[in-house]
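So the structure is just underneath, and the comments pick up after that.
The values are calculated or read from the model by the stated rules, or taken from the named source; none is laboratory data. Every value quoted in this text rests on a predicted model; they were computed, and no experiment measured them. No Cβ is skipped: glycine too gets one built from the backbone with ideal geometry, and neighbour counts run over all protein chains shown.
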Amino acid sequence: MHTLERFLEWGGTKKDVTCLVISGLALIVSILDRFPLPFDAAWIAIILCGIPILLEAFIGLVTAFDIKADVLVSIALIASIGIGEAFAAGEIAFIMQLGALLEDLTVAKARAGIEKLVHLTPQTARR
(Lines give C-alpha, C1' and ligand atoms only; values in the text may rest on other atoms or scores of the structure.)
Protein backbone atom coordinates (compact mmCIF):
# COMPACT_ATOMS: atom_id res chain seq x y z
CA MET A 1 0.00 0.00 0.00
CA HIS A 2 2.81 2.40 0.86
CA THR A 3 4.54 1.61 -2.41
CA LEU A 4 1.44 2.56 -4.41
CA GLU A 5 1.06 5.82 -2.49
CA ARG A 6 4.73 6.64 -3.00
CA PHE A 7 4.43 5.88 -6.73
CA LEU A 8 1.37 8.10 -7.12
CA GLU A 9 3.15 10.99 -5.38
CA TRP A 10 6.31 10.45 -7.44
CA GLY A 11 6.74 13.11 -10.07
CA GLY A 12 8.79 16.03 -11.22
CA THR A 13 12.23 15.65 -12.70
CA LYS A 14 12.67 11.98 -11.69
CA LYS A 15 9.52 10.99 -13.55
CA ASP A 16 10.44 13.06 -16.60
CA VAL A 17 13.95 11.63 -16.81
CA THR A 18 12.67 8.08 -16.33
CA CYS A 19 10.06 8.50 -19.08
CA LEU A 20 12.67 10.01 -21.40
CA VAL A 21 15.14 7.17 -20.79
CA ILE A 22 12.49 4.51 -21.38
CA SER A 23 11.25 6.35 -24.48
CA GLY A 24 14.77 6.77 -25.84
CA LEU A 25 15.49 3.07 -25.38
CA ALA A 26 12.18 2.21 -27.05
CA LEU A 27 13.06 4.40 -30.03
CA ILE A 28 16.47 2.70 -30.31
CA VAL A 29 14.79 -0.72 -30.22
CA SER A 30 12.31 0.47 -32.84
CA ILE A 31 14.93 1.74 -35.27
CA LEU A 32 17.24 -1.28 -34.87
CA ASP A 33 14.32 -3.71 -35.18
CA ARG A 34 16.33 -6.54 -33.58
CA PHE A 35 13.75 -7.76 -31.09
CA PRO A 36 10.60 -9.48 -32.34
CA LEU A 37 7.83 -7.51 -30.66
CA PRO A 38 4.11 -7.75 -31.47
CA PHE A 39 4.03 -3.94 -31.82
CA ASP A 40 6.37 -1.16 -32.85
CA ALA A 41 8.43 -0.12 -29.82
CA ALA A 42 8.03 3.53 -30.86
CA TRP A 43 4.51 3.33 -29.43
CA ILE A 44 6.07 3.28 -25.96
CA ALA A 45 7.60 6.70 -26.64
CA ILE A 46 4.33 7.93 -28.13
CA ILE A 47 2.42 6.91 -25.03
CA LEU A 48 4.95 8.07 -22.42
CA CYS A 49 5.93 11.36 -24.08
CA GLY A 50 3.08 12.09 -26.47
CA ILE A 51 0.05 11.68 -24.21
CA PRO A 52 1.09 14.55 -21.86
CA ILE A 53 1.59 16.82 -24.88
CA LEU A 54 -1.82 15.91 -26.29
CA LEU A 55 -3.50 16.45 -22.91
CA GLU A 56 -1.88 19.86 -22.36
CA ALA A 57 -2.86 20.95 -25.87
CA PHE A 58 -6.45 19.76 -25.42
CA ILE A 59 -6.85 21.35 -22.00
CA GLY A 60 -5.35 24.63 -23.23
CA LEU A 61 -7.67 24.72 -26.23
CA VAL A 62 -10.83 23.81 -24.34
CA THR A 63 -10.36 25.97 -21.25
CA ALA A 64 -8.79 29.15 -22.64
CA PHE A 65 -8.59 28.68 -26.42
CA ASP A 66 -4.85 28.91 -25.85
CA ILE A 67 -2.91 27.97 -28.98
CA LYS A 68 0.70 27.20 -28.13
CA ALA A 69 3.41 24.93 -29.46
CA ASP A 70 1.67 21.94 -27.85
CA VAL A 71 -1.21 22.30 -30.30
CA LEU A 72 1.11 22.26 -33.30
CA VAL A 73 3.09 19.34 -31.92
CA SER A 74 -0.17 17.47 -31.31
CA ILE A 75 -1.13 18.00 -34.93
CA ALA A 76 2.28 16.66 -36.00
CA LEU A 77 1.88 13.62 -33.72
CA ILE A 78 -1.59 12.82 -35.00
CA ALA A 79 -0.53 13.33 -38.62
CA SER A 80 2.52 11.09 -38.20
CA ILE A 81 0.42 8.35 -36.66
CA GLY A 82 -2.21 8.84 -39.36
CA ILE A 83 0.26 8.20 -42.16
CA GLY A 84 1.70 5.18 -40.37
CA GLU A 85 4.97 6.72 -39.19
CA ALA A 86 5.01 5.64 -35.55
CA PHE A 87 8.76 6.17 -35.26
CA ALA A 88 8.46 9.79 -36.44
CA ALA A 89 5.65 10.41 -33.94
CA GLY A 90 7.71 8.89 -31.12
CA GLU A 91 10.70 10.95 -32.15
CA ILE A 92 8.65 14.17 -32.14
CA ALA A 93 7.22 13.39 -28.70
CA PHE A 94 10.65 12.45 -27.32
CA ILE A 95 12.36 15.60 -28.60
CA MET A 96 9.58 17.87 -27.30
CA GLN A 97 9.62 16.28 -23.84
CA LEU A 98 13.42 16.51 -23.74
CA GLY A 99 13.17 20.20 -24.63
CA ALA A 100 10.55 20.77 -21.93
CA LEU A 101 12.76 19.07 -19.33
CA LEU A 102 15.79 21.15 -20.31
CA GLU A 103 13.66 24.31 -20.21
CA ASP A 104 12.37 23.48 -16.72
CA LEU A 105 15.89 22.78 -15.43
CA THR A 106 17.21 26.02 -16.95
CA VAL A 107 14.39 28.10 -15.47
CA ALA A 108 14.89 26.53 -12.04
CA LYS A 109 18.62 27.24 -12.13
CA ALA A 110 18.07 30.84 -13.27
CA ARG A 111 15.46 31.37 -10.55
CA ALA A 112 17.86 30.05 -7.91
CA GLY A 113 20.57 32.41 -9.18
CA ILE A 114 18.23 35.40 -9.01
CA GLU A 115 17.21 34.48 -5.46
CA LYS A 116 20.88 34.37 -4.45
CA LEU A 117 21.39 37.82 -5.96
CA VAL A 118 18.38 39.20 -4.09
CA HIS A 119 19.85 37.96 -0.80
CA LEU A 120 23.11 39.78 -1.57
CA THR A 121 21.45 43.20 -1.74
CA PRO A 122 21.87 45.36 1.35
CA GLN A 123 18.85 45.92 3.58
CA THR A 124 19.48 49.63 3.97
CA ALA A 125 21.06 52.18 1.70
CA ARG A 126 23.11 55.21 2.71
CA ARG A 127 24.04 58.24 0.79
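Numbers for the structure displayed
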| item | result |
| --- | --- |
| Criterion violated by PRO38 - all others in (1) at pLDDT 90 or above; (2) under 17 Å from ALA89 (Cβ atoms); (3) outside any helix (DSSP H, G or I) satisfied | (2) |
| Residue match in segment 34-54 (condition: farther than 27 Å from THR13 by Cα and either under 18 Å from the mean Cα position of the chain (by Cα) or aromatic (Phe, Trp, Tyr) (or both)) | yes |
| Residue selected from segment 21-33 under the condition under 15 Å from the mean Cα position of the chain (by Cα) and more than 20 Å from ALA79 (Cβ to Cβ), by the criterion surrounded by the fewest Cβ atoms within 10 Å (Cβ to Cβ) | VAL21 |
| Check on ALA89, more than 17 Å from PRO52 (Cα to Cα) and either of a type in the set (A, V, I, L, M) or modelled with pLDDT of 95 or more (or both) | no |
| Breaking point among (1) more than 13 Å from the chain's Cα centre (by Cα); (2) under 19 Å from THR13 (Cα atoms), for SER80 | (2) |
| Segment 45-59 - residue that is within 15 Å of ILE75 (Cα to Cα) and among the small types (Gly, Ala, Ser) and, of those, surrounded by the fewest Cβ atoms within 10 Å (Cβ to Cβ) | ALA57 |
| Every pair of residues 6+ apart whose Cβ atoms lie under 6 Å, when the first sits in segment 75-103 and is at negative phi while the second is at pLDDT below 95 and not in a helix (DSSP H, G or I) | ALA86/ASP40 |
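Matching residues to (1) at pLDDT 95 or above; (2) over 20 Å from ILE28 (Cβ atoms):
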site: ILE53; (1), (2): no, yes
site: LEU61; (1), (2): no, yes
site: ILE75; (1), (2): yes, yes
site: GLY82; (1), (2): yes, yes
site: ILE95; (1), (2): yes, no
site: LYS109; (1), (2): no, yes
